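J.: So that we are looking at the same thing, I have put the structure below in structure tokens.
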Amino acid sequence: MSLILIGYNGVSQKSPEIKIVPDEAKQKIDVLVDGKLFTSYIYPNEIMKPVLWPVVTPGGKEVTRNFPLKNKAGERVDHPHHVGIWFNYGDVNGLDFWNNSEAIAPEKLGSYGTIRHQKTKKIKSGTGEGSLSTTSKWNDNDGNTLLDETTEFKFSATENVRIIDRTSTLKAKVDKVTFTDNKEGMFAIRVTRELELPSNKALELSDSHGKITKVASPDNSNVSGNYLSSEGIEGGDVWGTRATWMKLSGVMDGEKVAVVIFDHKGNVGYPTYWHARTYGLFAANTLGQKIFSDGEKELNFSMKKGESVTFKYRLAVFTGDPTVAEIEKLAQSFQ
């Protein structure tokens, strides 16, 4: 007998089958909803942290940017470290885990950190929900481990929404680990061009073959993104503000879509500041308080060897544009 779920809009819906499919040879684990790809957990050597990519709406639209993994006409080619959905930070004991990528010059790698997938601990498929548990190490460029990470992903779905709940526990492996206040963090997604906010600034775009063209006056006809925070702030004004959730909505090929990130009240620094840019970087950063508050607040969170901290985030991908009331229901169920 099929289970029935109550969707985000209050309508009863049949629960889809969620299947978690590992492929060690390709260094990925696919998440399928009724046989269709929702996302993949990927950990290739050329990406300096494990990520979820691509991320697909219930209606089949990829909300994540393809660059630098695939060529797509009309996409920006900046920030090669912005891949899919990720979790890291810009200053951990002086090392930059956020900006690391294959584009870093060899002589500069000593200033960067890398997060390496170690093990898939548990995979569970099911009706309406599936889960995946992994371990990773936060290493310096010499391979010394600063942090052990244990992460559980829970994937759930109804007809019009796909949800990712991420719970990551970091354990200090050296005498002291300090997350010095930095704007580059922590839980983030880089979205496709259609979900950027319209802008007339010059930019560089790729064609379908990867050829890069400088565009002085970009075409915004298919660019329709807009932010809305739980505090009622919209557009580019959301950057550096605090809120319990943030929505990015727009239209892709005639389909309304939305991505919502939720902070969790158990996170250090709650409610989060938002490192949400108009060009498609969408991130929640609870730890970068000095940067976002213009120096009024300062956290510099740290742990001693053996201590642990846990961060929880929810990301929901919609076909349609959920109301504030509908988003609040999802926020309450996450707390």
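The values are calculated or read from the model by the stated rules, or taken from the named source; none is laboratory data. Because the structure is a prediction, the values reported are computed rather than measured. Here the Cβ is made from the backbone with ideal geometry for all residues, glycine too, and neighbour counts use every protein chain on show. The protein model used for the area step is the full one, side chains on, heavy atoms only, and it has no ligands, DNA or RNA in it. Shrake-Rupley method; radii C 1.70, N 1.55, O 1.52, S 1.80 Å.
J.: Would the range 87-110 turn up any residue that is closer than 30 Å to LYS14 by Cα and of a type outside the set (A, V, I, L, M, F, W, C)? Reasoning before the result, please.
T.: Residues of the range 87-110 closer than 30 Å to LYS14 by Cα: none.
No, the range 87-110 has no match at all.
J.: Quick check on the range 100-159: of everything there that is within 21 Å of ASP30 (Cβ to Cβ) and of a type in the set (A, V, I, L, M), which residue is most open to solvent (accessible area, probe 1.4 Å)?
T.: Among residues in the range 100-159 that are within 21 Å of ASP30 (Cβ to Cβ) and of a type in the set (A, V, I, L, M), the one most open to solvent (accessible area, probe 1.4 Å) is ILE123.
J.: Then there is this: Having 2 or more residues that are at pLDDT below 95 and of a type outside the set (Asp, Glu) is the bar; report the strands (runs of 3 or more DSSP E) wholly within the range 121-209 that clear it. Even if it seems obvious, please write down each step before you answer.
T.: Details: elements: 129-139, 145-157, 161-172, 176-179, 185-190, 203-206.
Of the strands (runs of 3 or more DSSP E) lying wholly inside the range 121-209, those with at least 2 residues that are at pLDDT below 95 and of a type outside the set (Asp, Glu) span 203-206.
J.: Name the residue that is farthest from HIS81 (Cα to Cα), counting only residues in the range 1-23 that are of a type in the set (D, E, K, R) and modelled with pLDDT of 95 or more.
T.: My answer is GLU17.
J.: Could you pull out the residue among GLU62, GLU75 that is of a type outside the set (Gly, Ala, Ser), at pLDDT below 95 and either closer than 30 Å to ALA202 by Cβ or buried (at least 16 other Cβ atoms within 10 Å of the Cβ) (or both)?
T.: The unique qualifying residue is GLU75.
J.: Answer yes or no as to whether LYS171 is of a type outside the set (Val, Ile, Thr), without any contact (Cβ under 8 Å) to a residue 12 or more places away in the chain and over 27 Å from VAL259 (Cα atoms).
T.: Criteria not met by LYS171.
J.: Report, ordered by the first and then the second residue, all pairs with beta carbons closer than 9 Å, sequence separation of six or more or different chains, a first member in the range 311-335 that is at positive phi, and a second member that is in a strand (DSSP E or B) and open to solvent by less than 10 Å² (accessible area, probe 1.4 Å).
T.: GLY320/VAL161; GLY320/VAL257; GLY320/ALA258
J.: May I ask you to verify whether ASP181 is surrounded by fewer than 18 Cβ atoms within 10 Å (Cβ to Cβ) and either in contact with a Leu (Cβ under 8 Å, 6 or more places away or on another chain) or without any contact (Cβ under 8 Å) to a residue 12 or more places away in the chain (or both)?
T.: It is false that ASP181 is surrounded by fewer than 18 Cβ atoms within 10 Å (Cβ to Cβ) and either in contact with a Leu (Cβ under 8 Å, 6 or more places away or on another chain) or without any contact (Cβ under 8 Å) to a residue 12 or more places away in the chain (or both).
J.: Any residue in the range 39-47 that is in contact with a helix residue (DSSP H, G or I) (Cβ under 9 Å, 6 or more places away or on another chain), modelled with pLDDT under 95 and more than 21 Å from ALA283 (Cβ to Cβ)?
T.: Checked the range 39-47: no residue is in contact with a helix residue (DSSP H, G or I) (Cβ under 9 Å, 6 or more places away or on another chain), modelled with pLDDT under 95 and more than 21 Å from ALA283 (Cβ to Cβ).
Here is a yes/no grid of residues against (1) more than 20 Å from the chain's Cα centre (by Cα); (2) open to solvent by 40 Å² or more (accessible area, probe 1.4 Å); (3) within 24 Å of ARG166 (Cβ to Cβ); (4) not small (Gly, Ala, Ser):
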{"position": "LEU203", "(1), (2), (3), (4)": "yes, no, no, yes"}
{"position": "LYS214", "(1), (2), (3), (4)": "yes, yes, no, yes"}
{"position": "PRO218", "(1), (2), (3), (4)": "yes, no, no, yes"}
{"position": "ASN226", "(1), (2), (3), (4)": "no, yes, no, yes"}
{"position": "THR244", "(1), (2), (3), (4)": "no, yes, yes, yes"}
{"position": "VAL251", "(1), (2), (3), (4)": "no, yes, no, yes"}
{"position": "ASN267", "(1), (2), (3), (4)": "no, no, yes, yes"}
{"position": "LEU287", "(1), (2), (3), (4)": "no, no, yes, yes"}
{"position": "ILE291", "(1), (2), (3), (4)": "yes, yes, yes, yes"}
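J.: What single numbered condition from (1) touching a residue at least 40 places away in the same chain (Cβ under 8 Å); (2) within 19 Å of HIS275 (Cα to Cα); (3) open to solvent by 70 Å² or more (accessible area, probe 1.4 Å) fails to hold for GLY240?
T.: So GLY240 meets the others, but not (3).
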